[in-house]
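Each remark here refers to the structure printed beneath this line.
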Amino acid sequence: MTVSSAVQITIIFMFALLAYLVRALDKKGSIAAAILGILILQFGGVYPFLALLIFVVMGVLSTKYKYSEKLKSGIAQEKSGIRSWKNVLGNGLAAVIFVIIEHITRQDFLWAATFSAIATANADTLASEIGKVLGKEPRMITNFKPAKPGANGAISIQGEIFALVGAMAIGVIAMVITQYKWQIFLATLLGGFIGCNIDSIVGATLENKGIIDNNGTNFIATLTGGIAGAIIFLAIV
């Protein structure tokens, strides 16, 4: 291991420790986040890691946003918003898979997949955590019937706007990684937005039927959001 690698790993574990101390992750969640962070940094470099870090920060802030109000309404994230290793894998494993394949193949469309997967996670977290508070007249994505705030599959105009904001934040970082700047930005933005809504569809169907849990929903959404971003990138480059 080089000195540079040792420093990088040390920094990642410091971030993981900080996430544990601020009660964003539990112990196993912090370890899982550190492992995913190391893999992202080693195979993808600093920019995918930065995108992942932005997702974590925005996710924590959006989860804490009006948390007491969410708690009173019964729509707050369980365990006081502290996430486990399963949640970490659900949101981050797809990006790791894409970035490892990119490292092997050196294909730009896999950068789009990587950032779109992260954008999906960020878009979904912002849409869910902020949308459930500010969203007016939420409706089920499958039939557009009125739904309770925070229900699996419930969407609102406000939530969709925050989904775009979340995907856009990751798209800006993605622009640095390739010469196809507007193409990867657009692919990441749309891939993340599509993935976020796939999350809602899966939540309204498979998750509500008890076939999978929320972590499984997150993984399916980030994986398909990444694939959507890659397809869009290939279509416009």
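Okay, here's what the table says:
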{"item": "Top-ranked residue in region 22-74 [being of a type outside the set (Asp, Glu) and outside any helix (DSSP H, G or I); ranked as farthest from residue 9 (Cα to Cα)]", "result": "74"}
{"item": "Residue 32 vs. criteria in contact with a Ser or Thr (Cβ under 6 Å, 6 or more places away or on another chain), among the hydrophobic types (A, V, I, L, M, F, W, C) and at pLDDT 85 or above", "result": "no"}
{"item": "Matching residues, region 197-212, being in contact (Cβ under 8 Å) with a residue 24 or more places away in the chain and part of a helix (DSSP H, G or I)", "result": "197, 198, 199, 200, 201, 203, 204, 205, 207"}
{"item": "Any pair with Cβ under 8 angstrom, 6 or more apart, that starts in region 160-185 at a residue that is closer than 22 Å to residue 221 by Cα and in contact (Cβ under 8 Å) with a residue 12 or more places away in the chain and ends at one that is in a loop (DSSP other than H, G, I, E, B) and not aliphatic (A, V, I, L, M)", "result": "184/178"}
{"item": "Search result, residues across region 20-29 that are closer than 20 Å to residue 89 by Cβ and modelled with pLDDT of 85 or more", "result": "20, 25, 26, 27, 28, 29"}
{"item": "Residue tally, condition buried (at least 24 other Cβ atoms within 10 Å of the Cβ) and within 10 Å of residue 120 (Cβ to Cβ), over region 195-227", "result": "8"}
{"item": "Output for region 110-132, where each listed residue is surrounded by fewer than 24 Cβ atoms within 10 Å (Cβ to Cβ) and either more than 14 Å from residue 160 (Cα to Cα) or of a type in the set (Lys, Arg) (or both)", "result": "110"}
{"item": "Residue check for residue 235: surrounded by fewer than 19 Cβ atoms within 10 Å (Cβ to Cβ), over 17 Å from the mean Cα position of the chain (by Cα), among the aliphatic types (A, V, I, L, M) and not in a helix (DSSP H, G or I)", "result": "no"}
{"item": "Flag if residue 17 is within 19 Å of residue 121 (Cβ to Cβ) and either among the aliphatic types (A, V, I, L, M) or not in a helix (DSSP H, G or I) (or both)", "result": "no"}
{"item": "Residue match in region 133-156 (condition: touching a residue at least 24 places away in the same chain (Cβ under 8 Å), in a helix (DSSP H, G or I) and buried (at least 18 other Cβ atoms within 10 Å of the Cβ))", "result": "yes"}
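The values are calculated or read from the model by the stated rules, or taken from the named source; none is laboratory data. Small disclaimer: the values here were computed from a predicted structure and weren't measured. Here the Cβ is made from the backbone with ideal geometry for all residues, glycine too, and neighbour counts use every protein chain on show.
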